[in-house]
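Before any comments, here is the structure.
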Amino acid sequence: MTTTSPSFQVDLNDNSPLYMQLARKLAQDVRDGRYQADQALPSERTLSEQLDVSRVTARKAIDQLVEQGLVVRRRGSGNYIAPRIEQPLSDLSSFSEQLQQRGYTPSSHWLRRDVMQADADAQLSLGLSPGTRVARLERLRLADEVVMAYETSVIPATILPRPENVGGSLYAHLAKTGHMPVRALQHLRAMNAPADLAARLDVPEGRAVLFITRIGYLESGEPVELTHSYCLSDHYDFVAELRRPA
């Protein structure tokens, strides 16, 4: 994989600052695959020399990539291309499985694991009666120590009576107890992160995220999982194969 960018040409018809033009050019290089996930981005000095721009311009361009979530800073090491997941929409798999299949190390930062009464959203989605007890899991999902998503999951307490026993993968835990979902309905839409969500994801308020709702079902057809995921859109590609009816 080439580690240097092709020459940078200033667009005289573009009124935006030079660092913004450079940031867009580097972002396109990332999306075009010139840089791979976890690959080091050239330093400010290297970019400055290669592209004939000032180090201040190079620094501000890199700052833009960090704000967009395309690049992550590692203290004492440098700037690296952020992980990116390509997820087929037809596959039912866990976050951990998706990352492991692509060579990343999945992890979770737990915010909450407890049992509570089902709220109206869970009652409607899982067909539960008022007062039904459910396990609620709330966490940040990480790939190679980079935050990818904020996620909440609700499981009937009859299926998951001790949520504190869930380790890295909810699906792995459910598989051990014989309650692994075999199919799911999933809805995706774009949204702008409100202040509380932005704070959890450590991004600016208003950042675009993918909001994904999943309802997982057992073989019997019983709904057993309601998961809401708020994914940083710069890290995800969703792929669907479409066919015309015969």
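The values are calculated or read from the model by the stated rules, or taken from the named source; none is laboratory data. No experiment lies behind these values; they were computed from the predicted model shown. Using ideal geometry, Cβ is built from the backbone for each residue, glycine included, and neighbour counts are taken over all protein chains shown. Each accessible area value is taken on the protein alone, full model and side chains, heavy atoms only, with ligands, DNA and RNA left out. Shrake-Rupley method; radii C 1.70, N 1.55, O 1.52, S 1.80 Å.
Scanning segment 98-120 for residues that are at pLDDT 90 or above and not in a strand (DSSP E or B) yields ALA118, ASP119.
Looking at ARG214, ARG183, which one is among the charged types (D, E, K, R), touching a strand residue (DSSP E or B) at 6+ places or on another chain (Cβ under 8 Å) and open to solvent by 40 Å² or more (accessible area, probe 1.4 Å)?
ARG183
The set of residues in segment 121-172 that are assigned to a strand (DSSP E or B), modelled with pLDDT under 90 and touching a Phe, Trp or Tyr at 6+ places or on another chain (Cβ under 7 Å) comprises ARG141, ALA143, ALA149. Note on segment 37-77: residues that are over 19 Å from ARG207 (Cα atoms) and of a type in the set (Asp, Glu) amount to 4. Evaluating ALA157 against the criteria (1) within 13 Å of the chain's Cα centre (by Cα); (2) open to solvent by less than 30 Å² (accessible area, probe 1.4 Å) leaves one unmet condition, (1).
Across segment 107-140, the number of residues qualifying as under 18 Å from GLU164 (Cα atoms), open to solvent by 40 Å² or more (accessible area, probe 1.4 Å) and of a type in the set (Gly, Ala, Ser) comes to 0. Answer yes if at least one residue in segment 163-179 is of a type in the set (S, T, N, Q), under 26 Å from VAL115 (Cβ atoms), in contact with a helix residue (DSSP H, G or I) (Cβ under 6 Å, 6 or more places away or on another chain) and surrounded by 14 or more Cβ atoms within 10 Å (Cβ to Cβ), and no otherwise. Within segment 163-179 (the criterion being of a type in the set (S, T, N, Q), under 26 Å from VAL115 (Cβ atoms), in contact with a helix residue (DSSP H, G or I) (Cβ under 6 Å, 6 or more places away or on another chain) and surrounded by 14 or more Cβ atoms within 10 Å (Cβ to Cβ)), the answer is yes, since at least one residue qualifies.
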